[in-house]
Amino acid sequence: MGKKRILSGMRPTGKLHLGHYTGALENWVARQDELDTGRKRVFETYFLIADYHSLTTSLETVDIFDCTIDMVTDWLAAGVDPEKSPIFRQSRVKQHTELFLIYAMLITASRLERNPTLKDQVRDLNMEAISYGHLGYPVLQAADILLYKGNIVPVGQDQLPHVEITREIARRFNKQYQHPVLGDVFEEPEPKITKFSRLAGLDGKMKMSKSLGNTIFLSDSPEEVQKKLRKAVTDTQKIRKNDPGRPEVCTVFSYHCKFSDQQRVEQIERDCRSGALGCVDCKKLCATAISEELAPILEKRSEYVARPDMVKEILLTGENRARMVAEETMSQVREAMKIG
Ligand code: TRP
């Protein structure tokens, strides 16, 4: 039995923030580096840049290359190891396009219209109408996953409907087409939700997000982190330093829970409730804890920033490796379908 494969991806959004880190990246790296008792890697990991998916919400492509490089630099800085995990742009592995077309025949338009993630997006972005390609977003995602025969797909909650559609497409394909030797060409992948998925924004909003301007970037210096934390929203009822506070409603406390050690967290909770600890000092402690976590990332980041060609090289290598795996799957598909 081969190793289980993990496949995940992001749209090329440019510089990443702490929410991406706690919600996805940290987990990607942990799975990539997980070893069994014989000190062998447990999983094969593949990380994809979903650049064609970006076209579903914006046709503007002038920044897409820079955004890709910025994002991949953050992946690498956070510990994605390109030797272990191929990193590749979807648009550079043409098999995605081919499998997408075939999958598009295996699902009904009405099934895609029922996708709740799409409905949310249409509402949030006030879209009047959506393109044919946007409706097909999960179909392209299914191709992303199944081309590499991904068994496990680490994603956020909002992506669960897409993994479900991927499972349906895998079943439908297997029912319709059998490979002369393999029988079923595809296995149904399992989604895996990261435990610490959501990080609140600095403004106290539910989610850290670039468009809301409430983020701490992985590339922020300790000074920037201090400055941003100073403006962070805390318990709005704690007005003076010695007012007792409510950690359970405080954004800064939620960051402490993630970035400070257990003992410190307990102490802060006590001192906040009693009024012994004011928000200004609490924020300083928090900024320091975050910067300590970010320090190795910043250091690694600077190595890649100094050598931009290296990031491009990593993509080209990753794309060559990805293409070989994708082509193997496609030849099975063509054989099973007797077409192509
Ligand atoms: N749709 C995912 C997102 O917006 C990105 C993505 C594209 C993806 N293809 C994928 C995630 C395949 C996991 C697997 O977050």
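The values are calculated or read from the model by the stated rules, or taken from the named source; none is laboratory data. Given the structure is predicted, the values throughout are model-derived calculations rather than measurements. Here the Cβ positions follow ideal geometry from the backbone for every residue, glycine too, while neighbour counts run over all protein chains shown.
Among the residues of the range 17-31, those identified as within 15 Å of the ligand (Cβ to nearest atom) and more than 10 Å from the chain's Cα centre (by Cα) are H17, R31. If the condition is being within 16 Å of the ligand (Cβ to nearest atom), farther than 23 Å from T215 by Cα and not charged (D, E, K, R), then the range 1-16 contributes I6, L7.
Answer yes if at least one residue in the range 227-240 is part of a helix (DSSP H, G or I) and either acidic (D, E) or crowded, with 17+ Cβ neighbours inside 10 Å (or both), and no otherwise. Yes, the range 227-240 contains a residue that is part of a helix (DSSP H, G or I) and either acidic (D, E) or crowded, with 17+ Cβ neighbours inside 10 Å (or both). For the range 146-175, filtering for residues that are within 14 Å of the chain's Cα centre (by Cα) and away from the ligand (no atom under 13 Å from the Cβ) leaves 0.
Considering the conditions (1) away from the ligand (no atom under 12 Å from the Cβ); (2) in contact with a helix residue (DSSP H, G or I) (Cβ under 8 Å, 6 or more places away or on another chain); (3) among the acidic types (D, E); (4) in contact (Cβ under 8 Å) with a residue 12 or more places away in the chain, D70 is excluded by exactly one of them, (2).
Of the helices (runs of 4 or more DSSP H) contained entirely in the range 34-121, those carrying at least 3 residues that are farther than 16 Å from V311 by Cα fall at 51-54, 95-104, 109-113. Of note, V252 does not satisfy the criterion of being surrounded by 12 or more Cβ atoms within 10 Å (Cβ to Cβ), within 35 Å of the chain's Cα centre (by Cα) and assigned to a loop (DSSP other than H, G, I, E, B). Just one of the listed residues (P138, P86) is crowded, with 19+ Cβ neighbours inside 10 Å and within 12 Å of the ligand (Cβ to nearest atom), and it is P138. Scanning the range 153-184 for residues that are modelled with pLDDT of 95 or more, touching a helix residue (DSSP H, G or I) at 6+ places or on another chain (Cβ under 7 Å) and part of a helix (DSSP H, G or I) returns P161, H162, I165, T166, I169, A170.
Among the residues of the range 125-164, those identified as of a type in the set (S, T, Y), touching a residue at least 24 places away in the same chain (Cβ under 8 Å) and under 20 Å from S110 (Cβ atoms) are S131, Y137.
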